[in-house]
Amino acid sequence: MSTAFAETELLDAYTVADRSEPHLRANMIASIDGAATHQGLSGGLNGPADKQVFDVLRRLADVVLVGAGTLRAEGYGGLRLGQADVTWRREHGLADHPVLAVVSSRLALEPSSPLFTQAPRRPLLITHEQSPSQQRALLQEVADVLVCGREAVDPVRLREELVARGMPQILCEGGPHLLGTLAGADVLDELCLTVSPLIEGGEAIRITRDAPVAHLPVRLAGVLRAEDMLFLRYLR
Ligand SMILES: NC(=O)c1ccc[n+]([C@@H]2O[C@H](COP(=O)([O-])OP(=O)(O)OC[C@H]3O[C@@H](n4cnc5c(N)ncnc54)[C@H](OP(=O)(O)O)[C@@H]3O)[C@@H](O)[C@H]2O)c1
């Protein structure tokens, strides 16, 4: 099957110079008029080239950070990479799979979900002191719980905790609420944005929502193209 990008092209574009240096990268997709969803999911915006980038970014990550809203909407299962990614990671001295880290306040997650039961590595659950303690105790059976903050997840502590646990290469796959929180605290190092060649219209959300005004200047560090789809890499 032909692919949009050669693997080496993507690895060259997205590999950081020093893996030990903490790096928080987010990867998002939007239509040209800024919609982050089509009919409530990001799936209506993407395509095979975007999937290639998505997979390479996972391959390069120590931990994949995702908001509970995205898990629920997109139906995440256990985070398991394909064999080619596992082989590459072994050759580069990395664990077979990144850890999945879920950010949640309400902790409305089922311990019996495939997210936990089919995870090749024990997931992390990132929450705060005010989250429901009973639910937290239940989920502690299937995940390591990180309490970062009193009434909300503190993005600075979140980042520090992941780095302290030996996971400096952090990939955030959204969603918009989580990305808004990270941007609001200015803890993002990089935003990878796929621009999908669509005018979506309607009331779709943006890639940040419920967020304080951040107004963070960024620098364009890379551009890839697959037909009409653009892959932009911005560094803070
Ligand atoms: N275009 C894209 O690239 C892209 C990427 C990902 C998702 N999406 C789309 O975005 C939509 C979901 O949006 P969303 O904003 O609800 O996604 P989200 O940020 O993944 O989820 C929001 C939920 O995650 C938890 N959460 C996020 N940030 C938190 C924080 N700082 N502290 C504590 N909890 C936090 C909370 O969970 P609890 O409710 O459990 O407390 C919150 O209700 C879906 O339609 C999905 O398809 C698009």
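The values are calculated or read from the model by the stated rules, or taken from the named source; none is laboratory data. Remember, it's a predicted structure, so these values are computed and weren't measured experimentally. No Cβ is skipped: glycine too gets one built from the backbone with ideal geometry, and neighbour counts run over all protein chains shown. When the accessible area is computed, the model is the full protein with side chains, heavy atoms only, and any ligands, DNA or RNA have been set aside. Shrake-Rupley method; radii C 1.70, N 1.55, O 1.52, S 1.80 Å.
Taking S112, S104, S2 and ordering them by how much accessible surface each has at a 1.4 Å probe, largest first, produces S2, S112, S104. Taken about its Cα centre, region 53-104 carries a charge dipole of roughly 80 debye when the Cβ of each Lys and Arg holds +1 and the Cβ of each Asp and Glu holds -1. Element breakdown for the chain at a 1.4 angstrom probe: carbon and sulfur atoms account for 50% of the accessible area. Given +1 at the Cβ of Lys and Arg, -1 at the Cβ of Asp and Glu and no other charges, the dipole of region 84-143 around its Cα centre is 40 debye to the nearest 20. For the set T37, T117, solvent exposure ranked by accessible area (probe 1.4 Å, protein chains only) runs largest to smallest as T117, T37. Full extension of the chain segment joining E21 with S133 gains 36.9 nm, where the gain is 0.36 nm per residue of separation less the Cα-Cα distance. Under a model in which nothing but the beta-carbon of Lys, Arg (+1) and Asp, Glu (-1) is charged, the chain shows a dipole of about 340 debye around its Cα centre.
If you average 1/r over every pair of different alpha-carbon atoms in region 90-225 and take one over that average, what Kirkwood value in Å do you get?
By the Kirkwood definition, the hydrodynamic radius is 17.0 Å.
So for region 3-59, taking the charge dipole from beta-carbon charges (+1 Lys/Arg, -1 Asp/Glu), which of I29, T8, G43 sits furthest toward the positive end? The listed residue farthest towards the positive side: G43.
Computed from the Cα positions only, the extents of region 1-55 along the three principal axes stand at 39, 32, 16 Å, in decreasing order. The label-point distance for L232 and I32, in a model that sets each label 7 Å from Cα toward Cβ, rounds to 1.3 nm. Based on the Kirkwood approach, the hydrodynamic radius assigned to region 39-94 is 12.8 Å, with every pair of different Cα atoms included. Which is the longest run of the chain containing none of the GluC sites (Glu not before Pro) found in DSSP loop states (not H, G, I, E, B) with at most 10 other C-beta atoms within 10 Å? After excluding every exposed loop site, the longest remaining stretch is 1-140.
Applying a DSSP loop filter and a limit of 12 other Cβ atoms within 10 Å to the trypsin sites (Lys or Arg not before Pro) in region 143-194 leaves R150. P(r) tail, the chain: Cα-Cα pairs separated by more than 33 Å, 13% of all pairs. Roll a 1.4 Å probe over the protein heavy atoms and report the accessible area of D228 in Å², nearest 10. Its accessible surface works out to 110 Å², give or take rounding.
Averaged per residue, the chain has 50 square angstrom of accessible surface, using a 1.4 angstrom probe with ligands and nucleic acids left out.
Just need log10 I(q)/I(0) for region 146-204 at q = 0.28 Å⁻¹, Debye formula, equal scatterers on the alpha-carbon atoms, no solvent, rounded to two decimals. So the normalised log intensities are -1.35.
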